[in-house]
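S.K.: Right, I'll just put the structure down here and ask away after.
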Amino acid sequence: MILHLTYNDNMENIPFNIFRKPISVFAFICMIFTSCSEPELSKLQPDMHLWYEQPASEWVEALPVGNGRLGAMVFGKPYNERIQLNEESLWAGSPINNNNPEALVQLPLLRQLLFEKRVPEAQELVASHFIGTPPRIRSYQTAGDLFISSDSPGPFTDYKRSLCLETGVATTGYISDGIRFTRDVFASAPANAIIIRIISSEKRAVNLTVSLEREKDAVTECLPGGVLLMRGQIEDEDDPLRGPGGKHMKFAGMVSALAKEGSIKEVDGKLEVQGATELMLVYTAATNYDPENLDFMPDADPAEKCRTITSAIAHKPYSELLDEHIADHSNLFNRVVLDIGGHEKTEIPTDRRLELVGQGDRDPHLITTLFQYGRYLLMGSSRSPGVLPANLQGIWNEHYNAPWNSDFHTNINLQMNYWPAEITNLPETVEPLYRFLKQLTVPGEITAREMYGTEGWTFHHLTDPFGRTGVMDGPWGLTPMCGPWMTFPVWRHYSYNLDIDYLREYAWPLLRGSAEFILGFLVESPSGYLVTNPSHSPENTYYLPETETPVTLTYGATMDIQIAREVLENTIRASVLLGEDEELAARCLEVLDKLPPVGIGTDGTIMEWIDDYREPEPGHRHISHLLGLYPLHQISPDDPLLFEAASRTIEKRLEHGGGHTGWSRAWIINFFNRLHNSEKAYENLMLSLEQSTLKNLFSTHPPFQIDGNFGTTAGIAGMLIGSAPGVIDILPALPNEWENGSVRGLRAHGGLTVSLEWENGKLSKTQIHASAPGKLTIRYNGMSAGLEMDKDKILLLDNRLKILN
């Protein structure tokens, strides 16, 4: 495979803008590490575009831009453009302690009922005494819309709208009345703003009106100097299911306009632009949210925050804002380069390519685009200047009452959002998550104490930015192990990056508190094991013997035991690394021996519950009892019986219609990677494209949920490398369809960066770069090699894992 790049003969730099000498991707990889200067990153992946020949007709066709704090969906309409806006902290609701005050008193009876298999009675007890007060949260909300309207002089031609993933710029272009108009939109992290530029091919041809609108709880006014200012405060109605009403989150949005030539006038609360050749709009927004306390800052002025942000960049021309944005964005995006061919398909519009895939066409470059799109979306929804993790829709939401409130769903979805973060070399995106979790332990400690009488912290299957940690929705929301489950990405961040300061400041306090909760929550079962009680396998049900009534609750669900084992083991590891709390580590070690083993049912599958129950929905979307297979490493070829049972579990789910949601299908891809079943992994990847991908490549449940995008990106990476501490599997699930290819910049546990090249379905070369010393076993196609890695050491290996340098 050849990638056409350019270099000069003395290797002093690596410009990419003149195609002279073709070099292999692997040679290019080596050049990057030996070059004296940085490459022009913005030209490294020029064909990473989504593009269309018509404007978006609905929200899920619009194109997203985001900087972690602000998001926008760009419709690309020539004469009445809509840019839908979001600010990450603009939520309805308010802080509430919704722990049911009767739960702790009723906990012994609940446990007794579940141990005695009197589950219907237990569920009635939960409904009466454990469900949160109130049991639901309010929604993440839109910040409104920016409309750019002009009088239509007639039909437009030569239309194209696109999103460049590498630069993060959405572009709309068309010709109207013989004049070409181009509109660029990007969300800049350095500027903390969304920048829009409109230019025309003829002087003074830009004539339009700009308005900033929101249907409720806000008013917009014009300020001197071409500024629109929206001020608002969410006013919630009283709702016994969601909490007290009142005036809650304050917010503001600001648009500053700057025209080259022409004039800007204030007309009826809008900005009227006449006779301009070029127009730049700068949008920013703010709220009075307090991330340190998961509350409001009553005295904060969101409008003043907007002024501060805008004034900091007021002196910068568009070219400087664009250059800063591209340098920042591309520095993250271009860490990973994947090439599996199919570049010729880039001449076809993205929606048409998706249709062709549904008709049986094979488009490997669309898979590459989907992979990089997941990375792009994670960068856009979870990074500084943002302070909150990516929610169910990342950061993009047009609703006032979104599906599932666009919340932080913690029974697989929020966890899945961060599956690609480490392996695809975006560790910065995890920071908003672990900072948020650290603050969430404060109300989480109250929940652990008031509901379960334990030390430590926990929460249940969903939360919001105000730290709601009680039981939500109904008996199926009684999932006290969701808090411990959320420590997985926290520990993984350390395991990949080996940052001891991070371990001490963030990961250790979270792990220690989670372990303390687990140690206090586990109780002895009738069989003599330590188990969780109450327990639930997310959103699934089972039949008690000799009944046909589905029930939800249990004790010792397989998922819970896998979570407990992982948290306790990680706590011991962290304790040893830091030399902290040997007593806690000893307690964890003692308890590990008393947890029940993972069971195999009479049908040869992994048991989801403590006993081998029948299930009413054998094709259920959740497959929580296989956490031990992925993302954990508790089920592996080291135990052939469990490994085979895991494979049979997935087969059974699929035989009964499983994988019917975007995120569930993504999970299945990752399962098959761990099983080294390349063709099944690929088959489910293609089914995801055919059945669960919208025209703008958003993943759909339905409706849109972003976790499917993130899980799929992790799955594609997992086909190419698998890793556990001290071990890397090379091309563990490479499909036959990807005969030739390369990847640069994937990450593995232990501070390792991995680049690969393969030909005719076989590994050609591997490069491993270590940021820390350590021992490593690398495996490929039945071969293995033990390596000693030194800090900053780069090893080149051939197809038989022999060292070349």
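The values are calculated or read from the model by the stated rules, or taken from the named source; none is laboratory data. Note that the structure is predicted; figures quoted are calculated from it, not measured. Heads up, the Cβs are rebuilt from the backbone with ideal geometry, glycines too, and the neighbour counts pull from every protein chain shown. Heavy atoms of the whole protein, side chains included, go into the accessibility calculation; ligands, DNA and RNA do not. Shrake-Rupley method; radii C 1.70, N 1.55, O 1.52, S 1.80 Å.
S.K.: Working with all protein chains in place, sort Leu498, Leu796 by solvent-accessible area computed with a 1.4 Å probe, largest first.
M.R.: Leu498, Leu796
S.K.: Please compute the length gained on full extension between Leu578 and Ile179, using 0.36 nm multiplied by the number of residues separating them and subtracting their Cα-Cα distance.
M.R.: 137.1 nm
S.K.: On to the next question. If amide H atoms are built 1.01 Å from N in the plane of the peptide, which residues on other chains or at least 5 residues away come under 5 Å of the amide H of His399?
M.R.: Counting only residues 5 or more places away or on other chains, the set is Thr142.
S.K.: Kyte-Doolittle cut-off -0.5, length cut-off 27 Å along the helix's own axis using Cα: show which whole DSSP H helices in the chain pass.
M.R.: Span-like helices, by this rule, are 431-452, 558-578.
S.K.: Right, here's the next one. Could you look at the chain and say what percent of its accessible area is carbon and sulfur, using a 1.4 Å probe and all protein chains?
M.R.: Ligands and nucleic acids excluded, carbon and sulfur reach 49 percent.
S.K.: Run lengths n ≥ 4 of DSSP H only: what is the helix-derived mean residue ellipticity at 222 nm for the chain, with -39500 (n - 2.57) per run over all residues, to the nearest 500?
M.R.: When only DSSP H runs of four or more count, the value is -9500 deg cm²/dmol.
S.K.: Please work out the average accessible area per residue across the chain, using the 1.4 Å probe convention, and give it in Å². Could the numbers behind the result be given before it?
M.R.: Numbers: 28890 Å² over 805 residues.
Value for the chain: 36 Å² per residue.
S.K.: Between Asn740 and Glu344, 0.36 nm times their residue separation minus their Cα-Cα distance comes to what?
M.R.: 141.0 nm
S.K.: What does the charge count around Glu61 come to, taking other residues whose C-beta lies under 15 Å from its C-beta (Lys +1, Arg +1, Asp -1, Glu -1)?
M.R.: On the way: positive: Lys77, Arg82, Lys160, Arg161, Arg352, Arg353, Lys695; negative: Glu53, Glu58, Glu81, Asp351, Glu355, Glu398.
Neighbour charge sum, excluding Glu61 itself: +1.
S.K.: What is the magnitude of the charge dipole of the chain about its Cα centre, with +1 placed on the Cβ of each Lys and Arg, -1 on the Cβ of each Asp and Glu, and no other charges, expressed in debye to the nearest 20?
M.R.: So the magnitude is around 1400 debye.
S.K.: Where does the charge balance sit around Leu104 when Lys and Arg score +1, Asp and Glu -1, over other residues with C-beta under 9 Å from its C-beta?
M.R.: On the way: positive: Arg449; negative: Glu102, Glu450.
Local charge sum for Leu104: -1.
S.K.: For Asp638 and Glu320 in one chain, what is 0.36 nm times their gap in residues minus the Cα-Cα distance, to one decimal in nm?
M.R.: Residue separation times 0.36 nm, minus the Cα-Cα distance, leaves 109.0 nm.
S.K.: Sticking with this structure for a sec: Go ahead and run the numbers for FRET between Glu261 and Asp361, Cβ-Cβ distance against an R0 of 35 Å, rounding to 0.05.
M.R.: 0.15
S.K.: Which order do peptides 311-322, 421-432 fall in by mean Cβ count within 10 Å, highest first?
M.R.: Values: 311-322: 13.8, 421-432: 23.2.
By packing density, highest mean first, the sequence is 421-432, 311-322.
S.K.: Using 32 Å as the Cα-Cα cut-off, could you pick out the over-long pairs in Lys438/Lys652; Lys270/Lys345; Lys77/Lys260; Lys316/Lys791; Lys203/Lys345?
M.R.: Those over the limit are Lys438/Lys652; Lys270/Lys345; Lys316/Lys791; Lys203/Lys345.
S.K.: Measure off 7 Å from each Cα along the Cα-to-Cβ vector at Ser149 and Asn331, then give the distance between these two points in nanometres to one decimal.
M.R.: 4.1 nm
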